[in-house]
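This report concerns only the one structure given below.
The values are calculated or read from the model by the stated rules, or taken from the named source; none is laboratory data. Given the structure is predicted, the values throughout are model-derived calculations rather than measurements. Don't worry about glycine lacking a Cβ; one is built from the backbone with ideal geometry, like all the others, and counts go over all protein chains shown.
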Amino acid sequence: MNESHDELQWLAGQYVLGTLDLAQRQAVERRLPQEPALRAAVDAWEARLHPLTALAPPEQPSPGLWQRIERGLPMPAPVRRQGGWRSWWNSLHFWRWSTVGAVACSALLAMLVLRSEPPARAPAYMVVLVAPQDKAPGWVVQTGGSGRLNLIPLGVVSVPQEKALQFWTKGASWSAPVSLGIVKPGKAQEVALEKLPPLQADQLFEITLEPGSGSPTGRPTGPILYIGRAVKISS
């Protein structure tokens, strides 16, 4: 496909984030072995976003979880063949039942995990803020139903003296962006959203370079360093 660099980066980023629908994802997976440029873009996005995996603390399953899974699995009929373990290891019947068991196990585990999670109080969103010039990701925004969002840096940006990074957002129906405050380079921080309307898909977020004390006008005055739009990841 004749895609521009920006289009390729967008596609690779959405693939790694898991926001593509099933058909789009399968199309990307078919292209990956034949298109080195797409494969390289996907690898780069995975490397950039890998630090986010450390933000999710590990969850210990309840003591009775595996027993519940085992009780729910179908039991295959014994394979009556000569030759001991080599016979059933090579048996098509055995592997068919093994596949059924694995699928059933995965489905049951997913169902149990979903049932154990408390209902979300509001939709959750994610935003990847990228540099307008090369689409390199610099920050990730995560938000749920707590009335606050987390701004997470993916690296450290150099800020000139007497300058500051200011965080902004704008909904589709808003007349102008609203400041979410000054942010520190390379530092994760929480930002309160109580005074703003509920977040919505495609809501704009950006970080601009402003004077050290922030924009003097209440609106962005400096260049946009990072920009992105909200993607709904749960409801």
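Details
- Of residues in the range 9-26 being of a type in the set (A, V, I, L, M) and exposed (fewer than 14 other Cβ atoms within 10 Å of the Cβ), the one nearest to MET126 (Cα to Cα): LEU22
- Residues of the range 138-179 classified as within 14 Å of the chain's Cα centre (by Cα) and outside any strand (DSSP E or B), total: 2
- Of LEU193, LEU149, all but one fail to be of a type outside the set (Ser, Thr, Tyr), under 14 Å from VAL127 (Cβ atoms) and surrounded by 20 or more Cβ atoms within 10 Å (Cβ to Cβ); the exception is LEU149.
- Within the range 152-171, the set of residues being at pLDDT 90 or above and surrounded by fewer than 12 Cβ atoms within 10 Å (Cβ to Cβ) comprises PRO160, GLN161, GLU162.
- Test for SER106: is it of a type outside the set (Phe, Trp, Tyr), modelled with pLDDT under 85, in the same structural domain as ILE207 (by TED's automatic domain parsing) and under 24 Å from the mean Cα position of the chain (by Cα): no
- For the range 193-208, the criterion of being without any contact (Cβ under 8 Å) to a residue 12 or more places away in the chain, outside any strand (DSSP E or B) and over 18 Å from GLY228 (Cβ atoms) is satisfied by at least one residue.
- Hits in the range 220-235 (condition: in a loop (DSSP other than H, G, I, E, B) and either exposed (fewer than 13 other Cβ atoms within 10 Å of the Cβ) or of a type in the set (S, T, N, Q) (or both)): THR221, PRO223, SER235
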